[in-house]
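Enquirer: My questions all concern the structure below.
The values are calculated or read from the model by the stated rules, or taken from the named source; none is laboratory data. Only a predicted model underlies this, so the values are computations on that prediction, with no experimental measurement involved. Here Cβ is always computed from backbone atoms with ideal geometry, including for glycine, and neighbour counts include all displayed protein chains. Ligands, DNA and RNA are excluded from the accessible area calculation, which covers all protein heavy atoms including side chains. Shrake-Rupley method; radii C 1.70, N 1.55, O 1.52, S 1.80 Å.
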Amino acid sequence: MPSSTNEEALESNIEKSLLEQGFIKGFNSDFNKEYAIDEKIFWDFLESTQADELDKLKRDSNYKLKVIQRLDKMIKKYGILKILKKGLDVEDAHFTLFYVAPLASSGDEIKKRFTSNQFSVTRQITHSTANPLLEIDMVIFINGLPIITMELKNQWTGQNARFHGIKQYKEDRDPKETLLNFARCIVHFTVDTDEAFMTTKLEGAKTFFLPFNKGNNHGAGNPVNPNGHKTAYIWEEIFSKLSLANIIQHFVRLGGKESDKLNSRTLFFPRYHQLDVVRKLIADISQNGVGKTYLIQHSAGSGKSNSITWSAYQLIETYYKDEETPLFNSVIVVTDRKLLDKQLRENIKSFSEIKNIVAPAYSSSELKTSLENGKKIIITTIQKFPFIVDGIADLSDKRFAVIIDEAHSSQSGTAHSKMNEAMGKKDYDEEMDAQDIVLEIMKSRKMKGNASYLAFTATPKNTTLEKFGTKQEDGSFKPFHLYSMKQAIEEGFILDVLANYTTYKSYYEIEKSIEDNPLFDTKKAQKKLRSFVEKNPSTIATKVDIMLEHFINNVVKKKKLKGKAKGMVVTSNIETAIVYHQAIVKKLEELGNPFKAIIAFSGKKEIKGIEYTEDSINNFASKDIPEKFDSDEYRLLVVANKFLTGFDQPKLCAMYVDKKLQGVLAVQALSRLNRSAPKYGKKTEDLFILDFYNKVEDIKASFDPFYTSTTLSEATDINVLHELKSTLDDIGIYEQSEVDEFFEKYFKGVDASKLSPIIDKAANRFNNELELDDDEKPDYKIKAKQFVKIYGQMSSIMPYEIIGWEKLFWFLKFLIPKLIIKDPDKDKLDELLNSVDLSTYGLERVKLGVNIGLDESGAELEPQNPNPRGAHGGDEEKDLLDSIIESFNEKWFHGWEATPQEQRVKFIHLMDKVKTHNDYKSKYEDNKDQYTRRLALEKMVAEIMNAERRKELELYKLFAGDEAFRAGMLDSFERALSIQ
């Protein structure tokens, strides 16, 4: 007889495993659907454990109904969790409905009570009063009370949890049924042989499921299980009696206040990696005692706040081996997140009988006072951490667990200053991040062995790995626990910020007009050339035009994120940020102020004798920036360093970068966009990064160590439009004359009836005449949509105009809706076609099933360079002026379509014209005033360009139409003339 591979077989497999673990087999006939209770087991549990209490009520013949109705009322008001933890009062009787799991130090009586709990599992429960035939596959009970429902699917029969299971809960399971009421059960699972998903609140189509998977190869899913199904850990480990008891006692939490309506509250159930990291930390510390360090590398989107709060609470109740007193006197949480303080207090309220055990401490004396007052969890900030370290050393008879939340570094330069002051340093580096700070403190103080250190971060540096990581046999260091960026993206908790990444090369050309080639220090020459170009106010104004044109047309007008989308402008330093903000404000005024922009920076900055602060520029207090930026009034935030890390604003979807980003800072800065926002429908396709400064390769190199595999292949290549147009032209759907005719008539504003025949003729060729097969049609439509999408986005930032692209763009925009694809999945295909992103053509093809092989290997960081380093780094690389110019042009030139030799000839020709100009000698060569010299040069060059415009139309268009190009050219003339 062949193996059974259907859903029922999976059900049997799970039931068999649970029964072997000591679960009781429940029966549907014992289930009371009105009150959602297994009556047989419920009464059996009370009779066998609390008969005396039950006897108090037996004077009333309806005592059973009285108990059940009271139970139902309390669950409807407070949820099942409170009943399991606090029990049930009925008149003068009190019932404990769940006996907690024993600790290592617990006595025999507590251990015996726990074994009296009756864990049961029932298959195929008919739970519905409205539809008696509806069945839920499995329900797990504790003492007759349901805590988990499960819908099972089997991959081998063509059904899965990810789609079919979730769909069943959303569409076919009514949350108005008692069993499925919010907080009646702790969690609802859908499971197949490969994956598991869970939710704590069923609300029809709005139900939000979270993955509950181990992760596979640092991504989503589960690894191969050599002993069974991939998801066997669910019923073999997570659903074991001790595990479920541990989850109920120490993890599940009902947010909000008891006075709030139950349905408005939030029920928190841990994701797999959260449960796993806390349990592994507690197990290791229980076994090894105090004094170790732990590095937890959890990506943004991992829910670090909850992981930290669960860890903090459970560490205060951690025992070393068989000791009867807790291992730690106190747990210290080092964080700059104000929300974490609130979360910790709420969590402790949920879990601890003693409420007031959380306190802040900002000095060693406050630490001592808090301990004397019985405070078990002490919260401090990173800048006060030095004082706390001193306090730990002074209190050598006490033992501490120190949790460092370094994912969110301080957003204030002043805070860094105070921290450095505490460390005995007079000055400070504003670029210093939280990891550097903590390591500096730990270096400057002798760390005592009476503390264990747990560092949570998404992006550990090599020094952090060495200090907190777990040393391997080969001498390397690894994180104690990992939840990768790749897994967070694949599971949908954060968005892939590298999906729509576009670099923008400055298009300035320099040339020389001398025969000699003087030697220059190559790197310094390159840096100086670029610095002139990038810091020029006219250049910034040009970039602001590009930024606002994109942001207004592609974000604001398209109502991204339901009209709530915001953008961030990242600049190189505070002075540049102020210039950018001024340029943005000026441009917005010209546009009628459709929205406002905020600037954020630390401290004060003086420019040309004027002192600027955030408050004076924004006209409101610095502390109000996050709240103001969240409002609809403000859409853009201009920053230098502040808010590049530790700033969570889910509405951010566009970033404009004009700053060198590398390493950890690159990951943290760009990750400001990755926060998911389901309420605004935020998708990866909504994200857009326009980078004026960095190369794709450098950004990829920055992400790789923390990404495991990266989805960034390369920046948007405008040349793909040539390839797409060529392919589209060759199929024969349209004639060029038709495209030309349509373009001309459309922009002359002719009646729409005159346009339809042109489009309909081309559409008929596609749909009928050319007899394209079913594979060719989708491919053509994809390419057409890709062309429209890329050209539509890139046209505003292209430094030149190609009229053929412009004409085809408008023609295709009207043609595409009439291209019919006869496909059973037409709607889905069109949805995919509409979600094409701004990467490359190859990446778009991935969305239709083509797999791009990504780098799955873990990245290895090198240790810090132990060799001495000087200010100059040895011999300077010298290069000839020709080479410097050539290198600069290759890197930054992206506009003037002429060969290098043609550029050289034209440049020298124009410079000769300048030298023979009537004003050259008197107003330029002999003029000692730099300002009027420059004005004279501008006037002469403008006259010459105007006179030469017929011969050099392409160059004239660039010169006349682009301030940045003009500034670059004038500077090149000026420097070339100075070395003549």
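Enquirer: Modelled with pLDDT under 90, closer than 17 Å to residue 657 by Cα, touching a strand residue (DSSP E or B) at 6+ places or on another chain (Cβ under 6 Å) and open to solvent by less than 10 Å² (accessible area, probe 1.4 Å): does that describe residue 547? Can you show your working first?
Expert: Values: modelled with pLDDT under 90: yes; closer than 17 Å to residue 657 by Cα: yes; touching a strand residue (DSSP E or B) at 6+ places or on another chain (Cβ under 6 Å): yes; open to solvent by less than 10 Å² (accessible area, probe 1.4 Å): yes.
In short, yes.
Enquirer: If residue 801 meets every condition in (1) within 26 Å of residue 547 (Cα to Cα); (2) open to solvent by 70 Å² or more (accessible area, probe 1.4 Å); (3) at pLDDT 75 or above apart from one, which number is that one?
Expert: (3)
Enquirer: Let me ask something else. Out of 760, 774, which single residue is at pLDDT 85 or above and either open to solvent by 50 Å² or more (accessible area, probe 1.4 Å) or in contact with a strand residue (DSSP E or B) (Cβ under 9 Å, 6 or more places away or on another chain) (or both)?
Expert: Result of the check over 760, 774: 760.
Enquirer: Still on this structure, please answer the following. Check residue 153 against each of (1) touching a Gly at 6+ places or on another chain (Cβ under 6 Å); (2) modelled with pLDDT of 95 or more and name the one condition it does not meet.
Expert: Exception for residue 153: condition (2).
Here is a yes/no grid of residues against (1) in contact with a strand residue (DSSP E or B) (Cβ under 6 Å, 6 or more places away or on another chain); (2) closer than 21 Å to residue 548 by Cβ; (3) open to solvent by 40 Å² or more (accessible area, probe 1.4 Å):
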{"residue": "568", "(1), (2), (3)": "yes, yes, no"}
{"residue": "574", "(1), (2), (3)": "yes, no, no"}
{"residue": "580", "(1), (2), (3)": "yes, yes, no"}
{"residue": "586", "(1), (2), (3)": "no, yes, yes"}
{"residue": "590", "(1), (2), (3)": "no, yes, yes"}
{"residue": "598", "(1), (2), (3)": "yes, yes, no"}
{"residue": "601", "(1), (2), (3)": "no, yes, no"}
{"residue": "610", "(1), (2), (3)": "no, no, yes"}
{"residue": "620", "(1), (2), (3)": "no, no, no"}
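Residues checked against (1) part of a helix (DSSP H, G or I); (2) at pLDDT below 75; (3) open to solvent by less than 80 Å² (accessible area, probe 1.4 Å):
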position	(1), (2), (3)
895	no, yes, yes
902	yes, yes, no
907	yes, yes, yes
928	no, yes, no
941	yes, no, yes
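Enquirer: With the condition kept exactly as written, say whether any residue in the range 100-116 is touching a residue at least 12 places away in the same chain (Cβ under 8 Å), under 29 Å from residue 316 (Cβ atoms), open to solvent by 60 Å² or more (accessible area, probe 1.4 Å) and part of a helix (DSSP H, G or I).
Expert: Yes: the range 100-116 contains one or more residues that are touching a residue at least 12 places away in the same chain (Cβ under 8 Å), under 29 Å from residue 316 (Cβ atoms), open to solvent by 60 Å² or more (accessible area, probe 1.4 Å) and part of a helix (DSSP H, G or I).
Enquirer: Shifting gears a bit: Pick from the range 311-334 the residues that are farther than 10 Å from residue 401 by Cβ and β-branched (Val, Ile, Thr): which of them is most open to solvent (accessible area, probe 1.4 Å)?
Expert: Only one residue fits best here, namely 325.
Enquirer: Does residue 248 count as under 22 Å from residue 379 (Cβ atoms) and of a type in the set (A, V, I, L, M, F, W, C)?
Expert: Values: under 22 Å from residue 379 (Cβ atoms): no; of a type in the set (A, V, I, L, M, F, W, C): yes.
Here the answer is no, as residue 248 does not meet what is asked.
Enquirer: Inspect all residues belonging to the range 173-180 and state whether any of them is closer than 20 Å to residue 9 by Cβ and either within 35 Å of the chain's Cα centre (by Cα) or among the β-branched types (Val, Ile, Thr) (or both).
Expert: Looking through the range 173-180, none of the residues is closer than 20 Å to residue 9 by Cβ and either within 35 Å of the chain's Cα centre (by Cα) or among the β-branched types (Val, Ile, Thr) (or both).
Enquirer: Can you run down the residue pairs with Cβ atoms below 9 Å, 6 or more apart or on separate chains, where the first is in the range 595-612 and touching a residue at least 24 places away in the same chain (Cβ under 8 Å) and the partner is in a strand (DSSP E or B) and of a type in the set (Asp, Glu)?
Expert: 605/611; 612/606
Enquirer: Pick from 627, 589, 614, 606: which is of a type in the set (Asp, Glu) and in contact with a helix residue (DSSP H, G or I) (Cβ under 6 Å, 6 or more places away or on another chain)?
Expert: The match here is 614.
Enquirer: Now, a different point. Would you confirm whether any residue within the range 948-964 is open to solvent by 40 Å² or more (accessible area, probe 1.4 Å), of a type in the set (A, V, I, L, M), touching a Lys or Arg at 6+ places or on another chain (Cβ under 9 Å) and modelled with pLDDT of 80 or more?
Expert: No, the range 948-964 has no match at all.
Enquirer: Of everything in the range 258-268 that's out of contact with any Gly (no Cβ under 9 Å at 6 or more places or on another chain) and closer than 20 Å to residue 200 by Cβ, which residue is modelled with the lowest pLDDT?
Expert: Keep residues of the range 258-268 that are out of contact with any Gly (no Cβ under 9 Å at 6 or more places or on another chain), which gives 258-261, 263.
Going one step further and asking which of them are closer than 20 Å to residue 200 by Cβ, we end up with 258, 260-261, 263.
Details: 258: 80, 260: 88, 261: 92, 263: 92.
It comes out as 258.
Enquirer: Pairs needed: first member in the range 745-772, within 13 Å of residue 735 (Cα to Cα); second member anywhere, outside any helix (DSSP H, G or I); C-beta distance under 6 Å; at least 6 residues apart or different chains.
Expert: 762/733; 762/734; 765/733; 766/733; 766/819
Enquirer: Going by the conditions given, is residue 144 touching a residue at least 24 places away in the same chain (Cβ under 8 Å), buried (at least 17 other Cβ atoms within 10 Å of the Cβ) and in contact with a Phe, Trp or Tyr (Cβ under 9 Å, 6 or more places away or on another chain)?
Expert: Criteria met by residue 144.
Enquirer: Next up: Quick check: anything in the range 79-93 assigned to a loop (DSSP other than H, G, I, E, B), more than 30 Å from residue 53 (Cβ to Cβ) and open to solvent by less than 40 Å² (accessible area, probe 1.4 Å)?
Expert: no
Enquirer: Return the residues of the range 229-254 that are small (Gly, Ala, Ser) and either farther than 18 Å from residue 17 by Cβ or touching a residue at least 60 places away in the same chain (Cβ under 8 Å) (or both); say none if nothing qualifies.
Expert: We begin by selecting, within the range 229-254, every residue small (Gly, Ala, Ser); these are 232, 240, 243, 245.
Across the range 229-254, the qualifying residues are 232, 240, 245.
Enquirer: Here is a further query. Determine which single condition residue 151 fails, assuming it passes every other condition in (1) in contact with a helix residue (DSSP H, G or I) (Cβ under 7 Å, 6 or more places away or on another chain); (2) open to solvent by 40 Å² or more (accessible area, probe 1.4 Å); (3) not aromatic (Phe, Trp, Tyr).
Expert: (2)
Enquirer: How many residues does the range 17-60 contain that are more than 23 Å from residue 76 (Cα to Cα), free of Cβ contacts under 8 Å to residues at least 40 places away in the same chain and either among the aliphatic types (A, V, I, L, M) or assigned to a loop (DSSP other than H, G, I, E, B) (or both)?
Expert: Here the count works out to 5.
Enquirer: For the range 703-738, give me each residue that is at pLDDT 75 or above, open to solvent by less than 10 Å² (accessible area, probe 1.4 Å) and either more than 30 Å from residue 767 (Cβ to Cβ) or charged (D, E, K, R) (or both).
Expert: 703
Enquirer: Right, here's the next one. Select from the range 210-237 the residues that are of a type in the set (A, V, I, L, M) and either crowded, with 20+ Cβ neighbours inside 10 Å or touching a Gly at 6+ places or on another chain (Cβ under 7 Å) (or both) and list them in ascending order.
Expert: Within the range 210-237, 234 is the sole residue that qualifies.
Enquirer: Here's something else I'd like to know. Does the range 535-583 hold any residues that are part of a helix (DSSP H, G or I), among the hydroxyl-bearing types (Ser, Thr, Tyr) and within 21 Å of residue 606 (Cβ to Cβ), and which are they?
Expert: Within the range 535-583, the subset part of a helix (DSSP H, G or I) is 535, 537-556, 560-563, 574-583.
Of the ones still in play, those that are also among the hydroxyl-bearing types (Ser, Thr, Tyr) are 538-539, 542, 576, 580.
Result: 576, 580.
Enquirer: Another question, then. Taking the conditions exactly as written (out of contact with any strand residue (DSSP E or B) (no Cβ under 8 Å at 6 or more places or on another chain) and surrounded by 15 or more Cβ atoms within 10 Å (Cβ to Cβ)), does residue 130 satisfy them or not?
Expert: Criteria not met by residue 130.
Enquirer: Just a yes or no: is a residue in the range 269-284 at negative phi, among the β-branched types (Val, Ile, Thr), open to solvent by 20 Å² or more (accessible area, probe 1.4 Å) and modelled with pLDDT of 90 or more?
Expert: Yes: one or more hits.
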